[in-house]
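Below you'll find the structure, written out as C-alpha cells, and then a few comments.
None of the figures in this text is laboratory data; all of them are computed from the coordinates on show. Model, not experiment: these values are computed from the prediction. Please note: Cβ atoms are built from the backbone with ideal geometry, for glycine as well, and neighbour counts cover all protein chains shown.
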Amino acid sequence: MKKNVAVKMKINGTWVEAFITQKQTLLDFLREDLNLTGTKKGCGTGDCGSCIVFLNGRPRTICTMIAVNANGCEITTIEGLAKGTELHPVQEAFMQAGAIQCGYCTPGMVLEAVYLLEHNPAPTENEIKEAISGHICRCTGYVKIIEAIKLAHDKLLKK
Amino acid sequence: MVEIGDRIPLIDAVEKVTGTLKFGSDFKLPGMLYGKVLRSPLPHARILSIDVSRARKLFGIRAVVTGWDYDLPLYSVAGEKNVDERLLAKEKVRYIGDEVAAVAGVDEDTVKEALKRIVVEYEEIPAVFDPEEAMREGAPLVHENVKQNIARIMRIRHGDVTKAFLESDAVVEGTFKTPLVHQAYLEPHSAVAQWDLQARLTLWIPTQSPTLARMTYANALGITQDKIRIIQLPMGGAFGGKLEYKLHPICALLARETNLPVKMTNTREEEFTATLPRVPMVTKMKAGCKKDGTLLVKQTEIIADNGAYMNYGPGILLSATTRHDNLYRLKNIYSDSYLVYTNKVPTGCFRGFGCPQSFFALESIVDMLANEIGMDPAEFRLKNASKTGDITVHNWHLGSCGLSEAISKSTEKSKWYNKRRELKLKRSVDIAYGIGLACCLHVSGNRTFLPFFDGSSAYVRIDEAGQVIVLTGETDLGQGSRTTFALIVAHELGIPTEWVSVPLVDTDFSPHGLGTFGDRVTTLGGNAVRRAALDAKRQLLDVASRDLGVDSSKLIIENGIIFSKKDKNISMEFKEAARIASHRRAGAMILGYGHFVPQNVSMVDPETKTGNISCAYPFVAQVAEVKVNLKSGDVKVLSLTAAHDLGKTINTLMAEGQVHGAIAQGIGFALSEEMVVKKGRITNPNFKRYRMPKAKDIPRIRTIFVESNDPNGPYGAKGLAEPALTAVAPAIANAIYHAAGIWLTSLPMTPEKVKDEISKMKS
C-alpha cells in the first residue's frame with residue numbers, strides 16, 4: 001500500500017514527520033514505522049486496553065484509530081513515561097507489588113494508572129477497578145495490579 | 001542475603017514496565033516480509049483445485065504456497081504416533097480455519113489482498129460437530145482411516161465395581177459438560193523465520209518448549225532437527241496454548257520460498273478460529289459411598305472433543321481419566337474414555353491439562369454424595385483424603401500430601417462451618433448466599449509422552465567479571481521461572497539476585513529441556529539449577545581456597561564475599577575469585593553443571609495406565625463464597641479462600657500471583673467463558689464477545705500456602721500454577737448448590753442456566 005499521506009505528530013516530546021498510508025492505524029504506525037513497540041496489540045478491536053497511549057493527554061486505545069486522524073496530535077507512549085533511567089512511581093509500584101507477569105498488558109495498565117492518579121490522587125478500590133475496566137490482564141487476576149496502584153498512590157504522596 | 005521464600009520482583013520487570021522488552025510480536029529483521037494464511041471457510045470439503053495465479057501477480061507479493069506445491073509429510077506433535085496433518089491441506093479441509101495456502105509479501109495489507117485473489121474450488125461434504133454423533137456408525141469420517149472418528153479409547157478397571165455399588169449406602173450420578181474455552185493469552189502467536197546458506201532454519205518464536213517445537217517442526221518440514229535453531233522470544237502469556245503451533249513452520253516454508261526473513265502474526269480472530277483451545281468434555285460420573293462417608297466406588301465415561309486434528313488430546317484425556325482418582329483413597333474404579341474427531345478447531349493444552357474438566361465432575365459428585373448422606377462436604381473430603389506416604393490406585397507415590405491441611409486451613413480461614421449454617425439465614429426472596437469447597441491435585445512434571453527423556457539440566461556460568469549466567473532449557477511464560485532460577489542461584493552462591501541473569505532459551509546454546517508445561521519447571525528445573533549452582537560454587541571456592549589458604553569446605557559466601565568460617569577477616573570478594581578463576585585458566589569461565597532425573601518415576605503402563613508419573617504431587621483446597629440472584633440467575637463470587645500445598649514457597653510474591661491469575665481464569669471457566677460454535681463456526685471470535693473476567697469480576701482472594709516439604713522438590717517445592725485453576729469451577733458450583741439448591745452441571749454457569757435450573761426445581 002502506498003505511503004503517500006504526510007503527517008506530523010508530537011510523540012514523546014519530539015515532533016515526528018512521516019509518510020503513511022491512508023488506512024494505516026495509529027498503532028501500526030507507532031509499532032511498525034517508528035518501532036515504538038512498547039504499545040501492544042492484543043485484540044485489534046479496542047477491547048483489551050493493551051494499545052493505550054495518551055492522545056492529547058487522555059488515554060485511548062489506538063488499534064482501530066486511523067493514524068491520519070492523529071495528525072497534529074500529541075502522543076505519549078509507555079516509552080515516554082520514564083525520565084531516562086528514572087522510572088515513574090507507578091512503574092516502580094508495578095514492579096514492587098508483583099503486578100507484572102507476562103508484561104503484555106503492563107504498558108497499557110501503567111498509563112491508565114498514571115492518568116487515574118493524576119486526576120484522582122486517592123482512588124478507592126472500586127474507582128481503581130472502574131479505571132482499569134477496559135483492560136484485560138490474563139495473568140495476574142488484577143489483584144496485584146490494584147495493589148500496585150494503591151502503592152503508587154502512596155509513593156506519589158511521598159514525592 | 002536472598003532467602004528461599006523471599007518476595008522478589010521479576011528480573012525482567014524494568015524492561016516490561018518501560019515497554020522496552022521485545023516480545024515475539026515486536027521482533028523484526030531488516031528486509032523481512034510479512035506472511036498470512038488462507039484458511040478454509042468450510043468445515044469439511046474436498047479441495048478440487050487451487051488457483052493462485054492472480055495472487056502471485058499482485059505487486060509486492062513474493063511467494064504463494066499451497067499443500068499442492070510440495071510433498072509435505074504427515075506429522076503430529078512430539079511423541080504422538082498417529083500422524084494426521086500436513087502444514088497445508090492437500091486433499092481435504094477438516095475445519096473452518098484449516099490452513100490451505102500461505103502468502104508472503106512486502107506488507108500485511110498487500111498480503112491480505114493476495115489472499116482474496118486465491119481461488120479454491122471446494123466440494124463440500126457432510127461434517128460432524130458433536131462428538132457423541134461422530135462416534136455413531138455411519139457418521140461422516142473426519143479422517144477416513146479412523147473408524148467412528150474415535151482417535152483413542154482408554155479403559156481403566158480397578159477393584160470390583162459391581163460389588164462396591166451393591167455395598168454403597170448412597171449412589172449419585174450426573175453428566176458434566178465443559179465447553180470450548182480459549183487460553184486467550186494477550187499476545188497472539190507470532191513467528192519470524194529465516195534460512196541460511198547451509199539450508200539451516202532459524203525460528204524466533206515465543207514458545208513454551210523450544211525443543212518440542214524443534215522436534216515437531218523438523219517432522220512437519222521433513223528435515224532433521226540439527227537443521228533447526230530455535231531462539232526463544234519473550235511471550236505475552238501462554239497457559240498451555242504456546243506449545244507447538246503450525247504458524248511457525250508455515251512461516252519457515254515462506255522464508256524458504258522467498259529466501260528472506262518472514263514474519264507472521266495471528267489476528268485475534270485467527271487465535272479463536274485456528275489455534276488449540278481446551279478439549280471440551282462430557283463426563284458421565286456415578287459414585288457410591290457408605291453411610292459413614294467412606295467413598296467406595298466411581299464409574300466414569302468421558303467423551304472428549306479432539307477437533308479436526310490430533311494434538312495433545314491423548315495425554316489430556318489420560319490426565320482427565322486418571323488423575324482425579326488419586327485425590328481420595330478410592331479403590332474401585334471403572335472408566336471408559338473416548339477421544340473423538342469432529343470438524344471443529346483442533347483442541348490442546350490449557351492450564352490443568354484435562355483436570356479442570358474432570359475435577360468439575362468429581363468434586364460436584366463428592367458434594368452430591370455428602371449431601372445424600374447428610375455429611376458436611378469438608379468432613380467427607382477429610383475422611384477420604386489421600387495422605388503422605390500413600391500409594392494410590394494408579395500407583396502414585398505421594399511423597400508429600402498436604403490435602404487435609406489445605407482443607408482444614410481453607411475452611412478455617414473462610415469460617416466454613418459457621419457459614420454453612422448461617423448463610424442460609426441471610427437468604428431473601430431474590431438473593432441467596434452459599435459457600436462451597438472443592439479440592440484437586442496435579443503433578444510436578446508429568447512422565448507422559450517421551451519414553452526416552454525426563455528431568456531437567458542446567459549450567460551456571462561465572463565469567464571473569466563475576467557475572468553469573470544460568471543456562472536452562474526451561475522457559476518463562478511470564479510466570480517468573482527465570483526469576484525463580486535467579487533466586488535459587490543467588491541464594492546458593494550468596495550473591496545479590498541482580499548479579500544473576502537467565503537468558504531465554506536458544507537451542508544452539510541452552511541445554512536440551514522439555515520447557516514449561518505440566519507444572520514441571522520449578523520442581524525439575526529448580527533442582528537442576530540448584531545443583532548447577534552448587535557445582536559452580538564448589539569450583540569457585542576451590543579457587544578462593546588456594547589464594548586464601550583455607551580449605552574450601554571451611555569457606556562460605558555471603559553478600560558477595562567469600563570468607564573463612566573461622567575468621568571473617570580471611571576473605572575475598574566473589575568477583576575477585578571469579579576473575580582469578582578465569583585468568584588462571586586462560587579465560588575459561590567457571591561452568592557449573594547440574595541435572596535432575598526424578599527417581600522412581602515411570603511412564604504409565606500402556607494397558608492399565610498405572611504408573612508413578614511424577615516425582616511430586618501438589619494439592620489444593622479452595623472455598624468459594626457466592627451470591628446468587630434467584631430472579632436474574634446472576635452469580636457473583638464474593639470471596640475465594642485458596643489453600644495450596646506447593647511443598648515450599650520459593651518466590652512468595654510470584655507464587656501469590658500464580659494463584660490469583662489461575663483463580664481469575666477459573667472464574668471465567670466457571671461463569672462466563674465459552675467459544676460458541678454453530679455448524680463448526682466460532683461465532684464469538686473476539687474479546688468483545690468472548691467474556692473473560694475483568695477487574696470487577698474478581699472477588700477477595702485469600703491465599704494460603706501449605707508447605708508439605710516434598711522430599712523430591714528443590715527445598716521441598718512442588719507445582720502450583722495449574723491446579724490453582726482446577727478447583728475454582730467446582731467450588732463455585734458447590735457454593736451455588738448450597739445457596740440455591742440447584743446443581744449446575746454444565747459450564748459456563750451462565751444466568752440463563754441458573755434460571756433454568758431454578759425454574760426446573762420449582763416445577
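Structure summary
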| read-out | value |
| --- | --- |
| Value of relative contact order over chain B, rounded to a whole percent, pairs C-alpha under 8 Å and six or more apart | 16 |
| For the protein assembly as shown: rounded, prolate or oblate by the Cα gyration tensor [a/c cutoff 1.5] | rounded |
| Ellipticity estimate at 222 nm from DSSP helix runs (n ≥ 4, -39,500 (n - 2.57)) divided over chain B, nearest 500 | -8000 deg cm²/dmol |
| Least to most buried among B:Asp697, B:Asp367 (fewest other Cβ within 10 Å first) | B:Asp697, B:Asp367 |
| Stokes-Einstein D in µm²/s, Kirkwood radius over Cα pairs - chain A at 25 °C with 0.890 mPa s viscosity | 153 |
| Anisotropy class of the stretch B:437-518 from Cα gyration tensor, a/c 1.5 cut | oblate |
| The stretch A:5-80, relative contact order in percent, only Cα pairs under 8 angstrom and at least six apart counted | 40 |
| Full-stretch length increase - B:Met603, B:Arg46 - with 0.36 nm per residue and alpha-carbon distance subtracted | 196.6 nm |
| Hydrodynamic radius by Kirkwood, which averages 1/r over all alpha carbon pairs of the stretch B:26-94, in angstrom | 14.7 |
| Candidate lysines - alpha carbon under 18 Å from A:Lys159, same-chain residues fewer than 8 apart omitted | A:Lys83, A:Lys150 |
| Selection from A:Ala131, B:Asn326, B:Ala664 lying farthest towards where the dipole of the protein assembly as shown points positive, charges on Cβ | A:Ala131 |
| Neighbour-count order for B:Thr475, A:Thr61, fewest beta carbons within 10 angstrom listed first | A:Thr61, B:Thr475 |
| Spacing of the two label points (7 Å from each Cα toward its C-beta) at B:Asp376 and A:Ala6, in nm | 7.9 |
| Distant-in-sequence amide H partners of B:Val706 (H built 1.01 Å from N, under 5 Å) | B:His644, B:Asp645, B:Leu646 |
| Cα convex hull volume per residue for chain B (Å³) | 166 |
| Label-zone membership for the stretch B:699-725, site B:Thr652, 7 angstrom Cα→C-beta point, backbone N under 16 Å | B:702-708 |
| Per-residue HN-Hα couplings for the stretch A:57-62 [Karplus 6.51, -1.76, 1.60; θ = phi - 60°; Hz; x = Gly/Pro] | x, 10, x, 8, 6, 10 |
| Whole-Hz couplings from phi, Karplus 6.51/-1.76/1.60, listed for the stretch B:427-435; x for Gly and Pro | 4, 10, 4, 9, 10, 10, 10, x, 9 |
| R0 of 51 Å, Cβ-Cβ distance A:Asp33-B:Phe453: FRET efficiency to nearest 0.05 | 0.70 |
| Surface/4 of the Cα convex hull for the stretch A:89-158, nm² | 3.9 |
| Length-normalised contact order of the stretch B:429-579 in % [C-alpha pairs under 8 Å, at least 6 apart] | 27 |
| All-pairs Cα distance distribution in the stretch A:5-80, expressed in whole percent, bin size 5 Å | 4, 18, 31, 30, 14, 3 |
| Cα gyration tensor, the stretch B:455-596 - rounded (a/c under 1.5), prolate or oblate | prolate |
| Summed side-chain charge close to B:Ala213 - residues other than B:Ala213 whose Cβ falls under 12 Å, Lys, Arg +1, Asp, Glu -1 | +3 |
| Likely footprinting exposure, A:His119, A:His153, fewest C-beta neighbours within 10 Å first | A:His119, A:His153 |
| Within straight-line cross-link reach of B:Lys554, aspartates and glutamates at Cα separation under 12 Å, skipping those fewer than 8 residues along the same chain | B:Asp542, B:Asp567 |
| Sum of side-chain charges, B:Met235 neighbourhood, beta-carbon under 13 Å (Lys, Arg +1; Asp, Glu -1) | +2 |
| Per-selection metrics, the stretch B:1-41 (Cα): Rg and Dmax in Å | 18.7, 59 |
